[in-house]
Amino acid sequence: MRGIGQAFLAASLALLSSVAVADSPASWTTPTEPFHIAGPIYYVGTEGIGVYLLRTTAGLIVIDSGPKEAAPIVERNIAKLGLNVSDVKLLLETHAHWDHVAGMARLKRDTGARFLASAADRKALESGSPTSDTDYGVVRFDPVKVDGLVTDGAPVRLGDVTLIPLLTPGHTPGCTSWLTTVQDQGRNVTAFFPCSFSVAGNKLFGNKGFPQIVSSYRSTFAKVSRVKADIVLPGHPELADVLPRGKRQREGKPNAFVDPGLLRRFVAEFQADFDDELAKQRRQSTKAH
């Protein structure tokens with residue numbers, strides 16, 4: 001198994017083989033202190049699930065919520081930054097899986113913010129039930145009403161911050177990555193919030209809930225391989241050493257998050273893992289017939 005996703009994939013497979021939410025990694029609901037990343041971007045998630053906050057001149061933006069148990073942790077972390085939860089005006093998501101959006105209903109209720117998502121994930125979000133067929137069944141979450149839809153490449157703005165949604169389907173039908181350029185230490189830096197690119201139990205053959213899943217993954221890998229980013233901030237922070245980078249930055253290394261080659265390595269390794277899983281499932285499908 002390749003380096004960049006090893007810890008995440010191992011944890012995911014352990015979870016998915018058992019289905020039970022209670023068996024998920026403890027780090028996903030373990031509190032950690034919030035910290036600054038770059039420009040208006042802050043980390044407000046848990047030890048094992050990334051939730052990101054952006055400060056704007058018109059209020060706060062939060063990307064993802066983490067699992068249900070993480071929502072109060074996120075709210076406390078916002079307060080620890082000296083900010084008010086009521087100042088959150090916009091909630092965004094990367095994809096409709098419980099470990100990233102099960103707390104969104106609470107955040108929406110407590111903040112009164114508008115929640116934007118992709119059309120292809122809307123049904124899953126509003127029903128609390130992912131649509132893709134998996135080898136572990138369905139892990140439900142609290143449904144959350146979508147207030148508006150995002151479209152590929154159409155800017156989402158709040159105050160002085162602009163985020164570009166990039167539809168990157170595969171992991172879910174409406175998987176959405178986010179791109180923004182911000183001012184940090186007197187220069188422009190581009191930050192990329194990738195949706196997950198792992199297979200993680202998705203059925204690649206005979207997937208009635210997501211029949212175009214293979215072509216979606218392939219188009220996503222091609223699309224993201226063309227994206228250039230200085231900073232990569234995934235929903236599973238260990239994939240980009242987000243917490244260790246934060247520690248190094250606090251210890252006096254101001255460019256700890258800047259790694260222009262990371263996204264290319266990130267995509268290449270997940271694409272290789274996808275190709276391996278596709279070949280494996282193809283063999284199993286052929287054998288079954």
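The values are calculated or read from the model by the stated rules, or taken from the named source; none is laboratory data. Computed from a predicted structure; not experimentally measured. Note: ideal-geometry Cβ built from the backbone for every residue, glycine included; neighbour counts use all protein chains shown. When the accessible area is computed, the model is the full protein with side chains, heavy atoms only, and any ligands, DNA or RNA have been set aside. Shrake-Rupley method; radii C 1.70, N 1.55, O 1.52, S 1.80 Å.
Brief remarks follow.
- In the stretch 112-141, the residues that are among the hydroxyl-bearing types (Ser, Thr, Tyr), open to solvent by 20 Å² or more (accessible area, probe 1.4 Å) and modelled with pLDDT of 95 or more: Ser127, Ser129
- Flag if Asp133 is farther than 26 Å from Gln249 by Cβ and more than 15 Å from the chain's Cα centre (by Cα): yes
- Ser86 farther than 25 Å from Ser27 by Cβ, without any contact (Cβ under 8 Å) to a residue 24 or more places away in the chain and hydroxyl-bearing (Ser, Thr, Tyr): no
- Scanning the stretch 156-173 for residues that are small (Gly, Ala, Ser) and over 14 Å from the mean Cα position of the chain (by Cα) yields a single hit, Gly159.
- Restricting attention to the stretch 56-73, the residues that are touching a strand residue (DSSP E or B) at 6+ places or on another chain (Cβ under 7 Å) and more than 18 Å from Leu116 (Cα to Cα) total 2.
- Only one of Pro165, Pro143 that is in a strand (DSSP E or B), in contact (Cβ under 8 Å) with a residue 12 or more places away in the chain and within 17 Å of Met104 (Cβ to Cβ): Pro165
- Of the residues making up the stretch 1-13, not a single one is at pLDDT 95 or above, in contact with an Asp or Glu (Cβ under 9 Å, 6 or more places away or on another chain) and charged (D, E, K, R).
- From Leu90, Leu107, residue being in a strand (DSSP E or B), at pLDDT 95 or above and of a type outside the set (Asp, Glu): Leu90
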